[in-house]
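S.K.: I have a structure here, written as C-alpha coordinates, and I will follow up with some questions on it.
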Amino acid sequence: MFSLNSNYLKLKAGYLFPEIARRVKEFLEAHPEAATDLIRCGIGDVTEPLPRAVCDAMHSAVDEMGIRETFRGYGPEQGYDFLRKLIAKHDYQFRGVTVAEDEIFISDGSKCDGANILDILGKNNRIAVMDPVYPVYVDTNVMAGRTGNMQDDGSYEGITYLECNHENGFVPSLPQEKVDIIYLCYPNNPTGAVASREALTRWVEYARSHHSLILFDAAYEAFIQDPDIPHSIYEIPGARECALELRSFSKKGGFTGVRCAFTVVPKELLARTAQGGQASLHPLWNRRMTTAFNGVSYITQRGAAALYSEEGQAQVQSLITHYMGNAALLREAVIAAGLTVYGGTNAPYLWVQSPLGEKSWETFDRMLHDHHIVVTPGSGFGSAGEGYFRISAFNSRDNVLEVAKRLSLR
Ligand code: MLT
(Lines give C-alpha, C1' and ligand atoms only; values in the text may rest on other atoms or scores of the structure.)
Protein backbone atom coordinates (compact mmCIF):
# COMPACT_ATOMS: atom_id res chain seq x y z
CA MET A 1 0.00 0.00 0.00
CA PHE A 2 1.20 3.52 -0.68
CA SER A 3 2.17 5.55 2.33
CA LEU A 4 1.23 9.00 3.53
CA ASN A 5 3.19 11.94 4.86
CA SER A 6 3.22 10.90 8.50
CA ASN A 7 4.12 14.42 9.57
CA TYR A 8 0.44 15.27 9.06
CA LEU A 9 -0.42 12.80 11.82
CA LYS A 10 1.56 14.93 14.27
CA LEU A 11 -0.78 17.88 13.75
CA LYS A 12 -3.44 18.94 16.21
CA ALA A 13 -6.87 17.62 15.21
CA GLY A 14 -7.99 20.73 13.35
CA TYR A 15 -6.63 24.07 12.24
CA LEU A 16 -7.75 26.73 14.72
CA PHE A 17 -10.36 28.58 12.66
CA PRO A 18 -12.15 25.50 11.25
CA GLU A 19 -12.17 24.18 14.84
CA ILE A 20 -13.87 27.37 16.03
CA ALA A 21 -16.33 27.13 13.14
CA ARG A 22 -17.09 23.53 14.15
CA ARG A 23 -17.81 24.53 17.74
CA VAL A 24 -19.99 27.45 16.64
CA LYS A 25 -21.94 25.14 14.31
CA GLU A 26 -22.48 22.68 17.15
CA PHE A 27 -23.70 25.51 19.39
CA LEU A 28 -26.12 26.78 16.73
CA GLU A 29 -27.50 23.30 16.16
CA ALA A 30 -28.28 23.10 19.86
CA HIS A 31 -29.49 26.74 20.06
CA PRO A 32 -30.98 27.67 16.67
CA GLU A 33 -32.61 30.74 18.23
CA ALA A 34 -29.12 32.27 18.65
CA ALA A 35 -28.44 32.21 14.90
CA THR A 36 -29.96 35.61 14.18
CA ASP A 37 -27.97 37.55 16.73
CA LEU A 38 -24.65 35.71 16.70
CA ILE A 39 -21.77 38.12 16.03
CA ARG A 40 -18.51 36.74 14.70
CA CYS A 41 -15.39 38.47 15.99
CA GLY A 42 -13.26 35.35 15.62
CA ILE A 43 -11.44 34.93 12.34
CA GLY A 44 -10.06 38.20 11.01
CA ASP A 45 -12.18 38.32 7.90
CA VAL A 46 -13.11 41.62 6.31
CA THR A 47 -16.77 42.63 6.16
CA GLU A 48 -16.78 45.80 4.07
CA PRO A 49 -17.26 45.60 0.29
CA LEU A 50 -14.41 45.98 -2.18
CA PRO A 51 -13.31 49.56 -2.91
CA ARG A 52 -15.14 51.04 -5.92
CA ALA A 53 -11.84 51.60 -7.73
CA VAL A 54 -11.11 47.87 -7.50
CA CYS A 55 -14.54 46.87 -8.83
CA ASP A 56 -14.23 49.27 -11.75
CA ALA A 57 -10.73 48.03 -12.62
CA MET A 58 -11.84 44.41 -12.43
CA HIS A 59 -14.89 45.10 -14.63
CA SER A 60 -12.65 46.68 -17.27
CA ALA A 61 -10.23 43.77 -17.02
CA VAL A 62 -13.10 41.33 -17.60
CA ASP A 63 -14.08 43.33 -20.69
CA GLU A 64 -10.47 43.18 -21.95
CA MET A 65 -10.50 39.42 -21.52
CA GLY A 66 -13.67 39.21 -23.63
CA ILE A 67 -12.08 40.79 -26.69
CA ARG A 68 -9.61 39.00 -28.97
CA GLU A 69 -7.27 42.01 -29.19
CA THR A 70 -6.86 42.37 -25.44
CA PHE A 71 -7.45 38.81 -24.28
CA ARG A 72 -4.61 37.33 -22.17
CA GLY A 73 -3.74 33.73 -21.46
CA TYR A 74 -1.07 32.66 -18.98
CA GLY A 75 0.49 35.68 -17.30
CA PRO A 76 3.98 35.97 -15.83
CA GLU A 77 4.19 33.58 -12.86
CA GLN A 78 5.90 36.28 -10.80
CA GLY A 79 3.13 38.79 -11.45
CA TYR A 80 2.47 41.49 -14.03
CA ASP A 81 4.98 44.32 -14.24
CA PHE A 82 2.27 46.97 -13.82
CA LEU A 83 1.52 45.69 -10.30
CA ARG A 84 5.13 44.98 -9.29
CA LYS A 85 6.08 48.53 -10.31
CA LEU A 86 3.29 50.08 -8.24
CA ILE A 87 4.24 48.03 -5.19
CA ALA A 88 7.94 48.91 -5.48
CA LYS A 89 7.08 52.60 -5.76
CA HIS A 90 4.28 53.03 -3.22
CA ASP A 91 5.08 50.44 -0.59
CA TYR A 92 8.86 50.81 -0.62
CA GLN A 93 10.44 53.69 -2.57
CA PHE A 94 8.03 56.22 -1.01
CA ARG A 95 9.34 55.11 2.38
CA GLY A 96 12.94 55.46 1.27
CA VAL A 97 13.35 51.69 1.06
CA THR A 98 15.07 49.91 -1.80
CA VAL A 99 13.09 47.02 -3.25
CA ALA A 100 13.37 46.30 -6.97
CA GLU A 101 10.34 45.30 -9.02
CA ASP A 102 11.81 41.91 -9.83
CA GLU A 103 12.27 41.17 -6.12
CA ILE A 104 8.46 41.26 -5.73
CA PHE A 105 6.56 38.02 -6.39
CA ILE A 106 2.77 38.29 -6.65
CA SER A 107 0.81 35.38 -5.23
CA ASP A 108 -2.64 34.33 -4.12
CA GLY A 109 -1.95 34.78 -0.41
CA SER A 110 0.59 35.14 2.36
CA LYS A 111 -0.64 31.95 3.97
CA CYS A 112 0.32 30.00 0.82
CA ASP A 113 3.62 31.89 0.44
CA GLY A 114 4.49 31.23 4.08
CA ALA A 115 3.95 27.52 3.50
CA ASN A 116 5.57 27.33 0.06
CA ILE A 117 8.72 29.20 1.02
CA LEU A 118 9.68 26.16 3.10
CA ASP A 119 10.27 24.29 -0.19
CA ILE A 120 13.43 26.27 -0.84
CA LEU A 121 14.81 26.11 2.72
CA GLY A 122 16.83 23.22 4.12
CA LYS A 123 15.16 20.60 6.32
CA ASN A 124 17.65 20.92 9.15
CA ASN A 125 17.06 24.60 9.90
CA ARG A 126 16.16 25.38 13.50
CA ILE A 127 12.86 27.29 13.47
CA ALA A 128 11.87 29.96 15.98
CA VAL A 129 8.34 31.27 16.30
CA MET A 130 6.72 33.79 18.56
CA ASP A 131 4.36 32.40 21.18
CA PRO A 132 1.46 33.20 20.77
CA VAL A 133 1.80 32.65 17.04
CA TYR A 134 -0.24 32.64 13.83
CA PRO A 135 -0.70 28.84 13.66
CA VAL A 136 0.18 28.57 9.96
CA TYR A 137 3.89 29.10 10.68
CA VAL A 138 3.99 26.16 13.05
CA ASP A 139 1.68 23.77 11.22
CA THR A 140 3.41 24.18 7.87
CA ASN A 141 6.74 23.34 9.49
CA VAL A 142 5.17 20.28 11.09
CA MET A 143 3.78 19.20 7.70
CA ALA A 144 7.18 19.69 6.11
CA GLY A 145 8.81 17.45 8.70
CA ARG A 146 10.85 20.12 10.45
CA THR A 147 9.59 19.25 13.93
CA GLY A 148 9.24 16.35 16.29
CA ASN A 149 6.01 15.36 17.98
CA MET A 150 3.51 17.55 19.73
CA GLN A 151 4.05 17.79 23.45
CA ASP A 152 1.45 17.95 26.24
CA ASP A 153 1.28 21.75 26.15
CA GLY A 154 0.59 21.74 22.39
CA SER A 155 4.11 22.83 21.43
CA TYR A 156 6.28 20.80 19.04
CA GLU A 157 9.71 19.31 19.73
CA GLY A 158 12.37 20.97 17.64
CA ILE A 159 10.79 24.44 17.49
CA THR A 160 12.09 27.32 19.59
CA TYR A 161 9.18 29.26 21.06
CA LEU A 162 9.85 32.91 21.82
CA GLU A 163 7.50 33.97 24.55
CA CYS A 164 5.59 37.20 24.01
CA ASN A 165 3.88 38.59 27.07
CA HIS A 166 2.71 41.90 28.49
CA GLU A 167 6.08 42.33 30.24
CA ASN A 168 8.03 42.35 26.97
CA GLY A 169 5.30 44.26 25.14
CA PHE A 170 4.64 41.10 23.06
CA VAL A 171 8.03 41.53 21.36
CA PRO A 172 10.23 38.55 22.25
CA SER A 173 13.77 38.67 23.60
CA LEU A 174 16.53 37.29 21.40
CA PRO A 175 16.95 33.53 21.82
CA GLN A 176 19.79 32.13 23.91
CA GLU A 177 20.50 29.40 21.36
CA LYS A 178 21.24 29.86 17.67
CA VAL A 179 18.17 29.63 15.47
CA ASP A 180 18.18 29.62 11.67
CA ILE A 181 14.74 30.81 10.64
CA ILE A 182 12.78 33.32 12.70
CA TYR A 183 9.14 34.18 12.05
CA LEU A 184 8.27 37.72 13.07
CA CYS A 185 4.85 39.25 12.48
CA TYR A 186 4.29 42.97 13.09
CA PRO A 187 1.76 44.48 13.57
CA ASN A 188 1.17 41.22 15.30
CA ASN A 189 -1.49 38.64 14.81
CA PRO A 190 -2.85 37.77 17.38
CA THR A 191 -1.70 40.28 20.02
CA GLY A 192 -2.07 43.50 18.00
CA ALA A 193 1.38 44.60 19.24
CA VAL A 194 3.86 46.54 17.11
CA ALA A 195 7.66 46.36 17.05
CA SER A 196 9.69 49.55 17.38
CA ARG A 197 12.60 50.39 15.09
CA GLU A 198 14.96 49.52 17.97
CA ALA A 199 13.38 46.10 18.50
CA LEU A 200 13.53 45.26 14.79
CA THR A 201 17.13 46.48 14.66
CA ARG A 202 18.04 44.01 17.44
CA TRP A 203 16.49 41.19 15.42
CA VAL A 204 18.21 42.19 12.19
CA GLU A 205 21.54 42.36 14.02
CA TYR A 206 20.90 38.93 15.55
CA ALA A 207 19.99 37.46 12.15
CA ARG A 208 23.03 38.95 10.45
CA SER A 209 25.47 37.83 13.11
CA HIS A 210 24.03 34.28 13.23
CA HIS A 211 23.41 33.99 9.45
CA SER A 212 19.74 33.44 10.16
CA LEU A 213 16.72 34.28 8.03
CA ILE A 214 13.82 36.44 9.24
CA LEU A 215 10.45 35.70 7.67
CA PHE A 216 8.75 39.01 8.29
CA ASP A 217 4.97 38.95 7.99
CA ALA A 218 3.76 42.51 7.46
CA ALA A 219 0.19 41.64 6.45
CA TYR A 220 -1.20 44.29 8.81
CA GLU A 221 1.26 47.14 8.13
CA ALA A 222 -1.46 49.38 6.63
CA PHE A 223 -3.16 49.55 10.05
CA ILE A 224 -0.17 51.25 11.74
CA GLN A 225 -1.21 54.67 13.05
CA ASP A 226 1.97 55.66 14.90
CA PRO A 227 4.38 57.37 12.45
CA ASP A 228 7.47 56.05 14.26
CA ILE A 229 6.63 52.37 13.75
CA PRO A 230 8.32 50.75 10.71
CA HIS A 231 5.99 49.34 8.06
CA SER A 232 8.65 47.15 6.50
CA ILE A 233 11.60 45.18 7.83
CA TYR A 234 13.62 46.78 5.03
CA GLU A 235 13.41 50.12 6.85
CA ILE A 236 16.08 48.57 9.09
CA PRO A 237 19.62 48.78 7.67
CA GLY A 238 21.01 45.36 6.77
CA ALA A 239 17.59 43.68 6.53
CA ARG A 240 17.97 43.02 2.81
CA GLU A 241 20.71 40.53 3.68
CA CYS A 242 18.66 38.57 6.19
CA ALA A 243 14.91 39.00 5.64
CA LEU A 244 12.03 38.03 3.40
CA GLU A 245 8.83 40.04 3.68
CA LEU A 246 5.27 38.80 3.25
CA ARG A 247 2.52 41.30 2.43
CA SER A 248 -1.12 40.93 1.57
CA PHE A 249 -4.01 42.86 0.04
CA SER A 250 -6.46 40.76 2.07
CA LYS A 251 -7.01 43.07 4.97
CA LYS A 252 -6.13 46.50 3.59
CA GLY A 253 -7.99 46.07 0.30
CA GLY A 254 -10.77 43.74 1.38
CA PHE A 255 -9.24 40.94 -0.69
CA THR A 256 -9.75 37.92 1.61
CA GLY A 257 -12.12 36.46 -0.97
CA VAL A 258 -10.36 37.88 -4.04
CA ARG A 259 -6.86 36.56 -3.14
CA CYS A 260 -3.76 38.59 -3.85
CA ALA A 261 -0.55 39.05 -1.90
CA PHE A 262 3.17 39.33 -2.51
CA THR A 263 6.51 38.26 -1.12
CA VAL A 264 9.73 40.24 -1.37
CA VAL A 265 12.92 38.25 -1.86
CA PRO A 266 15.95 40.57 -1.98
CA LYS A 267 18.77 39.46 -4.26
CA GLU A 268 21.34 39.89 -1.48
CA LEU A 269 19.72 37.14 0.58
CA LEU A 270 22.19 34.24 0.63
CA ALA A 271 21.82 30.80 2.15
CA ARG A 272 24.31 28.00 2.82
CA THR A 273 24.46 25.15 0.31
CA ALA A 274 25.02 21.52 1.29
CA GLN A 275 28.58 21.84 0.00
CA GLY A 276 29.30 24.71 2.37
CA GLY A 277 29.08 27.43 -0.28
CA GLN A 278 26.50 30.19 -0.56
CA ALA A 279 23.65 30.73 -2.99
CA SER A 280 21.02 33.39 -3.47
CA LEU A 281 17.41 32.53 -2.56
CA HIS A 282 15.98 34.81 -5.25
CA PRO A 283 16.52 32.49 -8.25
CA LEU A 284 15.30 29.53 -6.21
CA TRP A 285 12.02 31.25 -5.34
CA ASN A 286 11.72 32.33 -8.96
CA ARG A 287 12.25 28.69 -9.97
CA ARG A 288 9.66 27.50 -7.50
CA MET A 289 7.08 30.06 -8.61
CA THR A 290 7.59 29.41 -12.33
CA THR A 291 7.42 25.64 -11.82
CA ALA A 292 4.65 25.14 -9.28
CA PHE A 293 2.49 28.24 -9.78
CA ASN A 294 0.81 29.84 -12.77
CA GLY A 295 0.37 33.32 -11.39
CA VAL A 296 -2.57 35.32 -10.09
CA SER A 297 -5.31 36.13 -12.59
CA TYR A 298 -5.00 39.29 -14.68
CA ILE A 299 -8.38 40.48 -13.41
CA THR A 300 -7.29 40.16 -9.79
CA GLN A 301 -3.97 41.92 -10.39
CA ARG A 302 -5.76 44.79 -12.15
CA GLY A 303 -8.00 45.03 -9.07
CA ALA A 304 -4.94 45.10 -6.77
CA ALA A 305 -3.26 47.75 -8.94
CA ALA A 306 -6.34 49.96 -8.56
CA LEU A 307 -5.66 50.13 -4.81
CA TYR A 308 -2.68 52.35 -5.65
CA SER A 309 -4.63 54.86 -7.76
CA GLU A 310 -5.48 58.15 -6.08
CA GLU A 311 -9.10 57.09 -5.73
CA GLY A 312 -8.06 53.60 -4.57
CA GLN A 313 -5.71 54.95 -1.91
CA ALA A 314 -8.47 57.15 -0.50
CA GLN A 315 -10.82 54.16 -0.43
CA VAL A 316 -8.22 51.99 1.31
CA GLN A 317 -7.78 54.77 3.86
CA SER A 318 -11.48 54.80 4.58
CA LEU A 319 -11.48 51.02 5.10
CA ILE A 320 -8.60 51.37 7.57
CA THR A 321 -10.37 54.25 9.33
CA HIS A 322 -13.49 52.14 9.59
CA TYR A 323 -11.76 49.06 11.07
CA MET A 324 -9.52 51.08 13.39
CA GLY A 325 -12.62 53.01 14.51
CA ASN A 326 -14.13 49.64 15.38
CA ALA A 327 -10.98 48.72 17.27
CA ALA A 328 -11.19 51.94 19.31
CA LEU A 329 -14.84 51.29 20.22
CA LEU A 330 -14.08 47.71 21.19
CA ARG A 331 -11.12 48.79 23.32
CA GLU A 332 -13.31 51.28 25.19
CA ALA A 333 -15.97 48.66 25.77
CA VAL A 334 -13.51 46.04 26.98
CA ILE A 335 -11.88 48.50 29.38
CA ALA A 336 -15.29 49.63 30.63
CA ALA A 337 -16.09 45.97 31.29
CA GLY A 338 -13.08 45.90 33.63
CA LEU A 339 -10.83 43.78 31.45
CA THR A 340 -7.19 44.37 30.53
CA VAL A 341 -6.63 44.85 26.83
CA TYR A 342 -3.59 45.14 24.55
CA GLY A 343 -3.42 45.96 20.85
CA GLY A 344 -6.17 47.58 18.83
CA THR A 345 -4.30 50.87 18.34
CA ASN A 346 -1.96 49.98 15.44
CA ALA A 347 -3.60 46.71 14.47
CA PRO A 348 -7.13 45.42 13.94
CA TYR A 349 -6.87 42.88 16.79
CA LEU A 350 -7.49 43.28 20.51
CA TRP A 351 -5.74 40.92 22.87
CA VAL A 352 -7.78 40.70 26.04
CA GLN A 353 -6.98 39.06 29.36
CA SER A 354 -9.67 36.58 30.37
CA PRO A 355 -11.31 37.32 33.71
CA LEU A 356 -9.24 35.98 36.58
CA GLY A 357 -8.59 32.26 36.48
CA GLU A 358 -10.61 31.61 33.33
CA LYS A 359 -8.97 29.57 30.57
CA SER A 360 -9.14 30.80 26.99
CA TRP A 361 -11.55 28.13 25.76
CA GLU A 362 -13.75 28.76 28.83
CA THR A 363 -13.95 32.43 27.85
CA PHE A 364 -14.71 31.38 24.27
CA ASP A 365 -17.59 29.19 25.50
CA ARG A 366 -18.93 31.82 27.88
CA MET A 367 -18.84 34.56 25.24
CA LEU A 368 -20.61 32.23 22.81
CA HIS A 369 -23.26 30.93 25.21
CA ASP A 370 -23.96 34.07 27.25
CA HIS A 371 -23.35 36.84 24.72
CA HIS A 372 -23.61 35.11 21.34
CA ILE A 373 -20.23 36.57 20.41
CA VAL A 374 -17.52 34.49 18.72
CA VAL A 375 -13.98 35.34 19.78
CA THR A 376 -10.72 33.46 19.27
CA PRO A 377 -9.28 31.70 22.31
CA GLY A 378 -5.72 32.86 22.99
CA SER A 379 -4.46 29.35 23.71
CA GLY A 380 -5.29 28.45 20.11
CA PHE A 381 -2.26 30.53 19.19
CA GLY A 382 0.10 28.76 21.60
CA SER A 383 0.59 28.11 25.27
CA ALA A 384 1.64 31.73 25.99
CA GLY A 385 -1.81 32.74 24.72
CA GLU A 386 -3.54 30.86 27.55
CA GLY A 387 -5.65 33.19 29.65
CA TYR A 388 -6.26 35.58 26.76
CA PHE A 389 -8.77 35.90 23.95
CA ARG A 390 -8.62 37.83 20.70
CA ILE A 391 -11.35 40.11 19.37
CA SER A 392 -11.20 40.98 15.69
CA ALA A 393 -12.16 44.52 14.70
CA PHE A 394 -13.09 43.37 11.19
CA ASN A 395 -16.82 43.91 11.36
CA SER A 396 -19.64 46.26 10.49
CA ARG A 397 -20.07 49.29 12.77
CA ASP A 398 -23.51 48.07 13.85
CA ASN A 399 -22.10 44.75 14.97
CA VAL A 400 -19.28 46.43 16.87
CA LEU A 401 -21.72 48.73 18.69
CA GLU A 402 -23.82 45.70 19.57
CA VAL A 403 -20.74 43.80 20.85
CA ALA A 404 -19.84 46.84 22.97
CA LYS A 405 -23.38 46.87 24.42
CA ARG A 406 -23.29 43.17 25.21
CA LEU A 407 -19.88 43.48 26.87
CA SER A 408 -21.25 46.22 29.12
CA LEU A 409 -23.81 43.66 30.42
CA ARG A 410 -21.05 41.18 31.19
C1 MLT B 1 -6.83 35.48 11.48
O2 MLT B 1 -7.97 35.59 11.90
O3 MLT B 1 -5.88 35.24 12.24
C4 MLT B 1 -6.60 35.66 10.04
O5 MLT B 1 -7.77 35.86 9.36
C6 MLT B 1 -5.92 34.50 9.51
C7 MLT B 1 -5.44 34.71 8.11
O8 MLT B 1 -5.25 35.83 7.66
O9 MLT B 1 -5.22 33.68 7.48
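S.K.: Among the listed pairs Lys12/Lys251; Lys25/Lys405; Lys10/Lys123, which are separated by more than 19 Å between their Cα atoms?
M.R.: Details: Lys12/Lys251 27 Å; Lys25/Lys405 24 Å; Lys10/Lys123 17 Å.
In this structure, Lys12/Lys251; Lys25/Lys405 lie more than 19 Å apart at Cα.
S.K.: Work out which helices of the chain, taken as complete DSSP H runs, extend at least 24 Å along their axis over the Cα atoms and score a mean Kyte-Doolittle of -1.0 or more, then list them.
M.R.: Long hydrophobic helices here: 310-336.
S.K.: Now, a different point. Can you check what the Kirkwood hydrodynamic radius comes to for region 30-79, Cα pairs only, in Å to one decimal?
M.R.: Averaging 1/r across every pair of different Cα atoms and inverting gives 15.2 Å.
S.K.: Same structure again: Post the alpha-carbon centroid distance, region 97-146 to region 7-50, in whole angstrom.
M.R.: Here the two parts' Cα centres lie 25 Å apart.
S.K.: I need the per residue convex hull volume for region 56-308, using only the alpha carbons, in cubic angstrom as a whole number.
M.R.: Each residue corresponds to 135 Å³ of Cα convex hull volume.
S.K.: Take each of the peptides 371-384, 310-323, 215-228, 17-30, average the number of other beta-carbon atoms within 10 Å over its residues, and list them starting from the highest.
M.R.: Ranked by mean Cβ neighbours within 10 Å, highest first: 371-384, 215-228, 310-323, 17-30.
S.K.: Still on this structure, I have one more. Taking amide H positions as placed in the peptide plane 1.01 Å from N, state which residues far from Ile373 in sequence (5 or more) or on other chains have amide H under 5 Å from it.
M.R.: Under 5 Å from the amide H of Ile373 lie the amide H atoms of Ile39, Leu368, each far enough along the sequence or on another chain.
S.K.: Using a 10 angstrom cutoff on alpha carbons, build the Gaussian network for the chain and name the most mobile of Gly257, Gly295, Gly154.
M.R.: Maximum fluctuation in the GNM of the chain, among the listed residues, is at Gly257.
S.K.: Which log10 I(q)/I(0) values, to two decimals, does region 56-184 give at q = 0.10, 0.14, 0.19 Å⁻¹ under the Debye formula with one point per Cα?
M.R.: With no solvent term, the Cα-only Debye profile gives -0.52, -0.84, -1.12.
S.K.: Compute, for region 56-308, the length of the dipole vector about the Cα centre, with Cβ point charges of +1 (Lys, Arg) and -1 (Asp, Glu) only. Units Debye, rounded to 20.
M.R.: The dipole of region 56-308 has a size of about 620 debye.
S.K.: Let me ask something else. Please give every one of the aspartates and glutamates within straight-line cross-link reach of Lys252, meaning a C-alpha to C-alpha distance under 16 Å, and leave out same-chain neighbours fewer than 8 residues apart.
M.R.: Asp45, Glu48, Asp91, Asp108, Asp217, Glu221, Glu310, Glu311
S.K.: Quick one: Cα convex hull volume of region 311-352, Å³ per residue? Before the final figure, lay out each step's value.
M.R.: Working: hull volume 1.8 nm³, N = 42.
Expressed per residue, the convex hull around the Cα atoms of region 311-352 is 42 Å³.
S.K.: Any chance you could tell me what percent of the C-alpha pair distances in region 190-253 go past 18 Å?
M.R.: 35 percent
S.K.: Using a 1.4 Å probe on the protein heavy atoms, what percent of the accessible area of the chain belongs to carbon and sulfur?
M.R.: Here carbon and sulfur together make up 52 percent of the probe-accessible area.
S.K.: Nearest 500 deg cm²/dmol is fine: what mean residue ellipticity at 222 nm does the chain get from its DSSP H runs of n ≥ 4 alone, each adding -39,500 (n - 2.57), divided by its residue count? Please report the intermediate quantities before stating the final value.
M.R.: Numbers: 11 runs with 133 residues, N = 410.
Rounded to the nearest 500, the figure is -10000 deg cm²/dmol.
S.K.: Just need the Rg to Rh number for region 1-94, please, alpha carbons only, Kirkwood Rh.
M.R.: Here the Rg-to-Rh quotient is 1.16.
S.K.: Evaluate region 322-402: find the radius of gyration of its Cα atoms, find its Kirkwood radius, and give the ratio Rg to Rh.
M.R.: On the way: Rg = 11.8 Å, Rh = 12.5 Å.
Taking Rh as the inverse mean 1/r over Cα pairs, Rg/Rh reads 0.94.
The values are calculated or read from the model by the stated rules, or taken from the named source; none is laboratory data. Nothing here was measured: the structure is a model prediction, and the numbers come from that model. Using ideal geometry, Cβ is built from the backbone for each residue, glycine included, and neighbour counts are taken over all protein chains shown. Quick note on the areas: whole protein, heavy atoms, side chains included, nothing else; ligands and nucleic acids left out. Shrake-Rupley method; radii C 1.70, N 1.55, O 1.52, S 1.80 Å.
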